[in-house]
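Asker: A single structure is presented below for examination.
The values are calculated or read from the model by the stated rules, or taken from the named source; none is laboratory data. The structure displayed is predicted, hence computed values, not measured ones. Here the Cβ is made from the backbone with ideal geometry for all residues, glycine too, and neighbour counts use every protein chain on show.
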């Protein structure tokens, strides 16, 4: 299991076993209506994670085009269309998340706030690449065009990792909460 520099689930469990009880922050809100919204935010974040991973895959594939000069502008346009569709779908999910932001848990609000600038960057780079293809069709190899493709791939990796980390955080926190309710460990 990767911990990405944070305390891993096994590390948290080890702390529990050593005689210290850790109280995890509550994932669910006390207000039932807020809890419902928080659960809806969790579901939307899971959907955004799936979309972000598809976006990362398509952007990675597109980035490889910078090394294959024989591909036609039509191949580029088709791949950019896939990326645009994922960006737009993720944008729709972000809009729903933003509409639920006030009822979301603080960590969910943080996720929503951090997704937006990365998605805007992806949209801007994708739009610029599409505009370049539409304007020049035969000349798709200038440095600026390749820069958009590389930047999109790098940004898509950050976006997928960010959303994935927040979804993983919730799963780990829920697991920790469940374990803390099961385990009663006396302090030594």
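Asker: Tell me, which residue of the stretch 16-34 that is part of a helix (DSSP H, G or I) and touching a helix residue (DSSP H, G or I) at 6+ places or on another chain (Cβ under 9 Å) is modelled with the highest pLDDT? Don't jump to the end; show me each part of the working.
Answerer: Of the residues in the stretch 16-34, the ones part of a helix (DSSP H, G or I) are 16-17, 32-34.
Next cut, touching a helix residue (DSSP H, G or I) at 6+ places or on another chain (Cβ under 9 Å) only: 16, 33-34.
On the way: 16: 34, 33: 43, 34: 48.
Step by step, filter the stretch 16-34, then rank; the result is 34.
Asker: Conditions: (1) assigned to a helix (DSSP H, G or I); (2) at pLDDT below 95. Residue 71 meets all but one. Number of the miss?
Answerer: Checking residue 71 against (1) assigned to a helix (DSSP H, G or I); (2) at pLDDT below 95, the one that fails is (1).
Asker: Output yes when any residue across the stretch 118-138 is outside any helix (DSSP H, G or I) and surrounded by fewer than 19 Cβ atoms within 10 Å (Cβ to Cβ), and no when none is. I'd like the intermediate steps shown before the answer.
Answerer: Keep residues of the stretch 118-138 that are outside any helix (DSSP H, G or I), which gives 137-138.
Cutting the leftovers down to surrounded by fewer than 19 Cβ atoms within 10 Å (Cβ to Cβ) gives us 137-138.
Yes, the stretch 118-138 contains at least one residue that is outside any helix (DSSP H, G or I) and surrounded by fewer than 19 Cβ atoms within 10 Å (Cβ to Cβ).
Asker: Return yes or no: is residue 108 more than 17 Å from residue 156 (Cα to Cα) and either more than 13 Å from the chain's Cα centre (by Cα) or in contact (Cβ under 8 Å) with a residue 40 or more places away in the chain (or both)? Step through it out loud before you land on a result.
Answerer: Working: more than 17 Å from residue 156 (Cα to Cα): yes; either more than 13 Å from the chain's Cα centre (by Cα) or in contact (Cβ under 8 Å) with a residue 40 or more places away in the chain (or both): yes.
So residue 108 passes the test.
Asker: Can you report the number of residues in the stretch 48-63 which are touching a residue at least 40 places away in the same chain (Cβ under 8 Å) and surrounded by fewer than 18 Cβ atoms within 10 Å (Cβ to Cβ)?
Answerer: The qualifying residues number 2.
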